[in-house]
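The values are calculated or read from the model by the stated rules, or taken from the named source; none is laboratory data. Note that this is a predicted model, so its numbers are computed, not measured. A quick note on method: Cβ atoms are made from the backbone with ideal geometry, for glycine too, and the neighbour counts reach across all protein chains shown.
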Amino acid sequence: MKFRTSCYSLSGASAVLCIFAIWASMNLDAPYYLAFDWLPKVGLRISFRVDSFSLFFVTLICGIGSLVFFFCAGYLPGDKSRSRTLSILLLFTLSMLGLVLSDNVLLLFIFWEFTTITSFFLVGAKCEKKEAREAALQALLVTVAGGMALLVAILLLFMAAGTLELSSLEANRQLIQDSPLYPVILILIAAGAFTKSAQFPFHFWLPGAMTAPSPVSAFLHSATMVKAGIYLLARFHPILGETVLWHDLLIGIGAATMIVGASLALARTDIKALLAYTTVSALGMLTFLLGLGTTLAMKAALVFLLVHACYKAALFMVAGSIEKLAGTRDLDRLHSLGKMSPALWCAAALPALSMCGLPPMLGFIGKELIYEAKLIAPTIDELFLLIGFTANALTVTAALLAAVKPFIPRTMDSPPKRKLTLPLLAPPIILGIVSLACGLFPTWVGDNLLEPSFQALKGEPSQIKLKLWHGVNPVFILSVLTLVTGALIYWIHSYFARMVSVVERWSSPFAPERLYAQLVKRFVQFASLQTRLAQNGSLNFYLTVTLCFASLLLAAAFFSLPEKAVDLSLLIHLKTSLIILGAAAAAVLSIRAQSMLEAVLLLGVVGLGVTLFFVFYGAPDLALTQFLVELLLLVLIASIWSRLPAFRPDTPKREKRRDLFAACILGVFLSYFVLQAVFLNEHNAISEFYAQNAATEAFGRNVVNVILVDFRALDTMGEITVLAIAMMGIMSLLKTRKTKR
Amino acid sequence: MNSNLLILPAIVPFVFALVMLWLRGREGAARYLALLSGVIQSIVAALLFKLVLSEGTQTLEIGGWEAPFGITFVADLLSASLALVTSFVSLAIALYISVEKDEPITHPFTLPLLQLLLSSVYGAFLTGDLFNLFVWFEVMLITSFVLLSFGDAKQAIGGAIKYVLLNLVSSVLFLTAIGLLYGKTGTLNFAHIAARVGHLSNEPLLIGAATLLFCAFSIKAALFPVHFWLPASYHHTPAFVSATFGGLLTKVGVYAMIRTFTLVFPLQGTWLQTALWIISIATMLFGVLGAASQMNFRRILSFHIISQIGYMTLGLALWSPLALSAAVFYLLHHIIAKTNLFLFGGLAARLCGSDDLRKQGGLYSSHLPTAILFLIPALSLAGMPPLSGFFAKLLVLQAALEAHSLISVICMLLVGLATMYSMIKIWSEAFWKPAPADAVRPSNRTPSAGAYLGVAYLALFTVFIGVGAGYVFPICERIAGELLDQGCYIHAVLGER
């Protein structure tokens, strides 16, 4: 009961907000602004604009939202994740409201991403199923990719115009359109909108997203979220629109989406998939109209937005109820539902009539306007008219398939009547009645809802009155022809579906969803291969690469020097060169050593060479230290002699050569830079201060000691800590060895 | 401008480490001490940050030996903010392990060593002396090596050896560079070196030293292709240890790089800038590919560190006030989000009995609060608004666009998408997928209040850095301003000399 109560209260709240939005839209004279700074550096402000166009969307979101929440009360109980689904739906509604009310484009983008992520969780609501998880990922990746394009576009827009407020961008229209960045901005914004609004070739995520529960599909994937792209394009029409690129891009993609969506719809047997493809087609239609961009087309788009939201949400809810009623959504297995639940048939029939565009539904007015817009548009090819006509006819067929076919009996026996609960039935019926009422009173809807929002968008009145009856004219004839064709196709739809399937199968290697799957698969394969090669676990390889990296950079540093000469006079000294030769010989020999003892002793010789250097160059204390360290090392190695692993000098020859090369290169360049150090300071070294002040200030005669314990005591403390920690490490290692024995 | 506050962040954990060692064997006490230490560090770091924010760069001459002769600690805004963020990490980790029953501490030295590690991180952030920085690096290296070697698996030792050997290469290069620099400039104090280097440009010796420092810090920061030590070792330690490593170690390398290549050897216009740019791009791409290929929770995160380091160094390579402030913003965001994700890695492993994503599952239905908290750092890392990662990426992106660096922009977008992919992989496998039938479930499956507090504490900052970007970013801009004005740092340390 508690769950239902929250559904009802959410539904009530949305309904109140919806009515308020209508009232506000009727009484709003000028847009209402609200703004705070957030991150001005990138143009981000928390700024909202309430104008009639936003309010039109608020009406849609809250209106449909209210019914969807109501529907949830009937649909979701029994689902164990129902509360989560409901909470995320609420979050989604809020994000969507934020999206349509934002004045700042970057703020809009933030809400845009919110809707993406909430949609991800809703699509994956049945997360124990693999397909649901994959569909969620697919939807997310496609829309996030589009979102990134949009983000870049927004940043470019900021660079071009210096502001991100929609209201001031409109004033800067000329500046933006003249900018060399304009085509890039437009294409990227369109990419964002197209992915969100499931335009061809990004449409495939939408049918996949049908794994979401029906209320979610009704809300997000037909009525609201997928319209966000359309909203964005509409908002940007006054800023970026009315150019050749805008026109061609939107009309081309819109037309393609329209026809692809409508044809694929007929080949589906899952009602929700069928509805999803018709949604794709409808979204294509909207893009197309925005591409046309004439006054009539924009008005038609607004009407069609309302029409589509009403009938499509209703039909998705009906699909959900059918699933509840019959336990399946498969059109091939569904029949005689009309007898089982006449009320449900009624709930399906009203929206389907609107979808077909029959008078006196609002859908009829919408379709008339669209045809009219296409017929009188100055720059449109006949081809597009044909595409539009076909898509419309196929939509009629789809409506019949979804709302008639499952309900007519196929066999004589009558199934038992079953009652569906009120929340499952009422919302689609209410939406049907709304469509009908709007169709019967078009002037009221037009004057109070659509005309103000058109004005808010375009800044001028449209002078177009909505009427139910225009008389017999070419538009009406087209409408009738559409209906007839649609009905005819319904009659032969099984052949048509088979044809579409054949084409689909034939073109499947190029299908976008296939390309997506391939891309993800190849990406993961490539990633694994690449990582296996690079992170292969061999320490030897890692060390070689690390040394090569250093050599490469040192080599680059060397070649960047304008003056490469180095003073070798130091090497000419007899003592020096003898020590160097001796140490080098020992180093080379140690590589070739055949036993551990030999290697250790030869390395000792190298250390001794270093000690001799200290002796000859006036640092007897350092020499002593170095000598003691060398000695200690020998003692240590001798004391653990018996426990050392066997000496294995047999590295493969190729590897040896590789290592030799790396070592030599590094050695050469390092030596070069060290030799440069021979010309020492032209500045006074700080050591002079130490020598002068050790006795007087720090009261010590031995300067080195004073440095260690006073001038730079912190360093010494650090190094002592290092030793102490190393000791702790050794202690614990020895302990584990003991316990293991 | 001489304030003893500067040394306290390093001293506090050091003293606590000693006390813990003294109390050896009393593990419960050590947990409370870690908590207390975290609180005190936070207070000290916050006071320091406040002081620096209001009164500018602070210095402390250790032992009273005036700069440049003694060792000087310098807290400019960058150092102070990093110290502050480090103290957040320290407290969160102390909270995470505060409850005995759920995070067994396998070794009595673990907690004291962790305190020493923190001490060295603070030291590295706050020191103003090149050789002293090296010493802190050494403390950090040996501490982390010993911590890594505590893992009892054979692989853990193998990882630890790779870790220490590759990092020793870095130490050798670093030390050589110090020698060369001292040979040329006769000083070790950062500001003093910078002042003297300013007079001698294009000296072969200096270029050699700069290149060596560049290599050394690249290894420390785990840039491609010298990142190998990181994915080889991080996932073998207990979660809270790898969280400290993942959050802080590489970032000290990045800090050292930013400090050196703004103050001593300004990158702009040198060939090293181009090199860093190429390396950054390669690092971003490589890291994310690695993450996409893994199926181990914490290994994915390890590879992500690499990828994200690329973003930070890209900010440095792009070299503009915006790019630098973006890099600093990224650094601050990343330390917090990454530490938190590693803690979640530990939590998930504890709840599912395995670190392997294939053996995990079902946490979304069984542990909703954990799942929701996980989403905050995960989505932040993937760049979802309005969390910190979104702004970090947005700012670097903006900087790249302003620099007309098309390749950077494209790579950033691709990497962003792939990051999203691998974060969702973790979500989908560990949280959404039903637990595999043959999974062995640990008996105790409720995370303690301490663990929740720890992760929630960090999640809070992730949200704050995002929602409060309008407050955090101006600080980063100020930092970038300070970094680009070398004279200001030199003056603060050396005065009119």
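Yes/no matrix, rows are residues, columns are (1) assigned by TED's automatic domain parsing to the domain that holds A:R592; (2) surrounded by 11 or more Cβ atoms within 10 Å (Cβ to Cβ); (3) farther than 21 Å from A:S595 by Cβ:
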{"site": "A:G618", "(1), (2), (3)": "yes, no, yes"}
{"site": "A:I637", "(1), (2), (3)": "yes, yes, no"}
{"site": "A:K653", "(1), (2), (3)": "yes, no, no"}
{"site": "A:D659", "(1), (2), (3)": "yes, yes, no"}
Review point. So which of B:S428, B:S380 is assigned to a helix (DSSP H, G or I) and either surrounded by fewer than 24 Cβ atoms within 10 Å (Cβ to Cβ) or free of Cβ contacts under 8 Å to residues at least 40 places away in the same chain (or both)?
Key: B:S428
Check your understanding: Does B:F297 qualify as being in contact (Cβ under 8 Å) with a residue 40 or more places away in the chain, over 24 Å from B:Q268 (Cα atoms) and more than 14 Å from chain A (Cβ to nearest Cβ)?
Key -> yes
Check your understanding: When A:K80 is evaluated against the numbered criteria (1) away from every other protein chain (no Cβ under 14 Å); (2) of a type outside the set (S, T, N, Q); (3) more than 26 Å from the chain's Cα centre (by Cα), which criterion, by number, is the only one it fails?
Key -> (1)
Check your understanding: So, in segment A:676-732, of the ones that are in a loop (DSSP other than H, G, I, E, B) and of a type in the set (S, T, N, Q), which residue ends up modelled with the highest pLDDT?
Key -> A:N702
Review point. What's the number of the condition A:L107 fails, among (1) touching a residue at least 60 places away in the same chain (Cβ under 8 Å); (2) surrounded by fewer than 24 Cβ atoms within 10 Å (Cβ to Cβ); (3) part of a helix (DSSP H, G or I); (4) within 13 Å of chain B (Cβ to nearest Cβ)?
Key: (2)
Check your understanding: If we only count helices (runs of 4 or more DSSP H) wholly inside segment B:130-230, which ones have 3 or more residues that are among the β-branched types (V, I, T) and within 22 Å of the chain's Cα centre (by Cα)?
Key -> B:130-149, B:154-185
Exercise for review: Test A:L122 against the criterion of being buried (at least 22 other Cβ atoms within 10 Å of the Cβ) and under 28 Å from A:V318 (Cα atoms), and give yes or no.
Suggested key: yes
Point to revise | Any pair with Cβ under 6 angstrom, 6 or more apart, that starts in segment A:455-476 at a residue that is under 20 Å from A:G293 (Cβ atoms) and not assigned by TED's automatic domain parsing to the domain that holds A:S52 and ends at one that is surrounded by fewer than 17 Cβ atoms within 10 Å (Cβ to Cβ) and among the hydroxyl-bearing types (S, T, Y) | key: A:S462/A:T295
Practice item. Check B:A160, B:A243, B:A194 and return the single one that is under 29 Å from A:L561 (Cα atoms), in contact with a helix residue (DSSP H, G or I) (Cβ under 7 Å, 6 or more places away or on another chain) and either aliphatic (A, V, I, L, M) or buried (at least 24 other Cβ atoms within 10 Å of the Cβ) (or both). Key: B:A194
Revision key, fill the gap. Note on segment A:314-373: residues among the aromatic types (F, W, Y) and under 22 Å from A:G388 (Cα atoms) are A:F364, A:Y371
**Study point:** Search result, residues across segment A:121-135 that are within 8 Å of another protein chain (Cβ to nearest Cβ) and either under 12 Å from the mean Cα position of the chain (by Cα) or of a type in the set (G, A, S) (or both)
**Key:** A:G124
Review point. On the given criteria, is A:F559 at the interface with chain B (Cβ under 7 Å from one of its Cβ atoms), assigned to a helix (DSSP H, G or I) and without any contact (Cβ under 8 Å) to a residue 40 or more places away in the chain?
Key: no
Review point. What is the one condition in (1) more than 25 Å from B:L401 (Cα to Cα); (2) among the polar types (S, T, N, Q); (3) touching a Lys or Arg at 6+ places or on another chain (Cβ under 9 Å); (4) more than 14 Å from chain B (Cβ to nearest Cβ) that A:T211 does not satisfy?
Key: (4)
Point to revise | Any chance A:I259 is in contact with a helix residue (DSSP H, G or I) (Cβ under 7 Å, 6 or more places away or on another chain), surrounded by fewer than 24 Cβ atoms within 10 Å (Cβ to Cβ) and of a type in the set (A, V, I, L, M) | key: yes
**Study point:** The one condition in (1) outside any helix (DSSP H, G or I); (2) within 30 Å of A:T85 (Cβ to Cβ); (3) more than 8 Å from chain A (Cβ to nearest Cβ) that B:P386 fails to fulfil
**Key:** (3)
Point to revise | Condition met for A:T576 (more than 10 Å from every other protein chain (Cβ to nearest Cβ), touching a helix residue (DSSP H, G or I) at 6+ places or on another chain (Cβ under 7 Å) and touching a residue at least 60 places away in the same chain (Cβ under 8 Å)) | key: no
**Study point:** Matching entry among B:V121, B:V135, B:V146 (being within 14 Å of another protein chain (Cβ to nearest Cβ), more than 25 Å from B:L332 (Cα to Cα) and buried (at least 23 other Cβ atoms within 10 Å of the Cβ))
**Key:** B:V146
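Every residue, every condition in (1) of a type outside the set (K, R); (2) more than 23 Å from A:C310 (Cβ to Cβ); (3) surrounded by 21 or more Cβ atoms within 10 Å (Cβ to Cβ), yes or no:
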position: A:Y8; (1), (2), (3): yes, no, no
position: A:S14; (1), (2), (3): yes, no, yes
position: A:I46; (1), (2), (3): yes, yes, no
position: A:S52; (1), (2), (3): yes, no, yes
position: A:A73; (1), (2), (3): yes, no, yes
Point to revise | Search result, residues across segment A:28-77 that are without any contact (Cβ under 8 Å) to a residue 24 or more places away in the chain and within 14 Å of another protein chain (Cβ to nearest Cβ) | key: A:F36, A:D37, A:L39, A:P40, A:K41
Review point. Out of B:A400, B:A480, B:A418, which single residue is within 27 Å of B:S307 (Cα to Cα), in a helix (DSSP H, G or I) and facing chain A (nearest Cβ under 9 Å)?
Key: B:A418
Point to revise | Qualifying residues in segment B:166-181 (those that are facing chain A (nearest Cβ under 8 Å) and touching a residue at least 40 places away in the same chain (Cβ under 8 Å)) - the one farthest from A:F558 (Cα to Cα) | key: B:L166
